[in-house]
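What follows is a short report on a single structure.
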Amino acid sequence: MAACELFLGRLDGAHDESALSDEERAKAERFRRPHEKNRYRSSRSFLRCLLGAKTNAAPHEVEIAVKCVSCGSDEHGKPYLPSFPDLSFNLSHSENRVAVVVAEGHQVGVDIEAVPDQVMPALWQMLASQRERTSVREIPDWDEQIALWVRKEALLKATGQGLAVDPRNVDVDAQGCYPSSGDLYGHVWVEDVQVGGDYRCSVAMVGSRPVISRLT
Ligand SMILES: [Zn+2]
């Protein structure tokens, strides 16, 4: 078991603009829709204030790099802190909510999703592994399908594989302990977290079961 902190916040309030890096300010300008621009700024500010506090740095000066586990590129992939390689973090946002997980010594991932009103008829087929499809008598209800999506997304964000892996190749079982896709990382644990308000949220940790302390 390993400690993992989960920070939950909202994106529709005020945020600290001075927390953003120059690069993020420039990127924010490229969003056409004002609410998307705002959510981007607000989520990055939320993340940077947390990472600044964790590393004793000014939020806008925290150095965040990316690295791809598949091809080794440093232009895309999972974000990390080059100066604090043991500190793993991950960010997710959906609608007006944001979630950040932070852990030491184990890679972590988080996904939060507002449950869409509109049912996507093909989601189950796009999502469920062979075993998951054959283990149920009928297709689970919409909320349960989204929960499965969120678990897989959190898992693939923890390993750093993200959308490079087809979610149908990831098997998750109902015990909260999930095998990873392939042997690259051993086991990945996924825990659902109740966040209310028609949102689903899951936290994943590679190599250990996370003990989640939740900070709102
Ligand atoms: Zn790559």
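Some notes on this structure:
- Only Lys, Arg, Asp and Glu carry charge here, each on its Cβ (+1 for the first two, -1 for the last two); on that basis segment 1-98 has a dipole of about 380 debye about its Cα centre.
- Among the trypsin sites (Lys or Arg not before Pro) in segment 71-160, those located in a DSSP loop and surrounded by at most 13 other Cβ atoms within 10 Å of their own Cβ are Arg137.
- Reach of Lys27 by Cα under 25 Å, taken over lysines that are not fewer than 8 positions away in the same chain: Lys37, Lys54, Lys67, Lys78, Lys157
- Kirkwood Rh, Cα atoms: Rg over Rh of segment 2-215: 0.96
- Dipole magnitude for the chain: computed about the Cα centre from +1 point charges on Lys and Arg Cβ and -1 point charges on Asp and Glu Cβ, it is near 200 debye.
- When you filter the GluC sites (Glu not before Pro) in segment 35-113 for DSSP loop state and at most 11 other Cβ atoms inside 10 Å of their Cβ, you are left with Glu75.
Throughout, read-outs are computed from the coordinates displayed, never taken from laboratory work. Since we're looking at a predicted model, the values are computed, not measured. Counting neighbours? That spans all protein chains shown, and the Cβs are built from the backbone with ideal geometry, glycine included.
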